[in-house]
Amino acid sequence: MERLYLKDSYLRVFQAQVQEVVGEWVELTRTAFYPGGGGLEYDTGTLLRADGGKVKVEEVKEEGGKVLHRVGSPLTTGEEVRGELDWERRYKMMRLHTGSHVLAALAYSKYGALVTGGHISPEYAKDDFNLEDKGVLQDLVREANEVLRRSIEVKVYFLKREEALKIPGIVKLAGRNPPEAEVWRIVEIPGYDVQADGGPHVRNTAEVGELVIMKVENRGKGRKRIYYTVKP
């Protein structure tokens, strides 16, 4: 299984074969569909068959080291298909994902705060921080928007585990152990953030646009939650 999304977040159409069929779930020889993870939702889209028929990809997950696609119609092992992502959904999540990295990096650098939970959908993102004062989140979003407007190139590259572990703050999720994989995918926003991350991102911070706060909640001592989205 070749995971195309790891090397190119902008790849929206690809060719593949059906490698295995288990009920309504199929594994492909290669895929650009992100299976979700790290709080980021999975991709949806379609598979175009050789006869011109379209099969909906309704859900994608990772299980047992495989990326599995739940499809709306049966497929056959060995069948050639062309995958196409629901790009509007994917791109909105890419913008929010990169924005969330900038926000988390600022919270970490200014307050030593870690993300204790979060979720990103196409509509909005929510993050929990181990902060005592929820008022600082408005300042952090304002500063994050200033950073995003600087049009910083977002870099994606791969490092061996031992090299990645030398980078301070390489994992910014509280309670999250460093990945066991021998090679890590690194996402870097130069001057602000470096994280081990397997999800899709935009190429430049300017693509994120402006983060807009929807709601801030006090979820208890040392736990503040922020809901935010990006302007269309």
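The values are calculated or read from the model by the stated rules, or taken from the named source; none is laboratory data. Quick caveat: nothing in here was measured; it's all calculated off a predicted structure. Cβ placement follows ideal geometry from the backbone for every residue including glycine, while neighbour counts extend to all protein chains displayed.
For the list (1) more than 30 Å from L148 (Cα to Cα); (2) at pLDDT below 95, I need the number of the one condition that G37 fails.
Result: G37 fails condition (1) only.
Suppose we filter segment 183-226 for residues that are at negative phi, without any contact (Cβ under 8 Å) to a residue 40 or more places away in the chain and of a type in the set (G, A, S); how many remain?
The number of residues fulfilling the criteria is 1.
What pairs can you find where one residue is in segment 140-162 and on the phi > 0 side of the Ramachandran plot, the other is of a type outside the set (D, E, K, R), and their Cβ atoms are less than 9 Å apart, with a gap of 6+ or different chains?
Close Cβ pairs satisfying both conditions: S151/N204; S151/T205; S151/A206.
Could you grab me the full set of residues in segment 24-82 that are surrounded by 15 or more Cβ atoms within 10 Å (Cβ to Cβ), in a loop (DSSP other than H, G, I, E, B) and of a type in the set (S, T, N, Q)?
T29, T44
Being crowded, with 16+ Cβ neighbours inside 10 Å and touching a strand residue (DSSP E or B) at 6+ places or on another chain (Cβ under 7 Å) is the filter here; which residues of segment 2-18 pass it?
Result: R3, L4, R12, F14, A16, V18.
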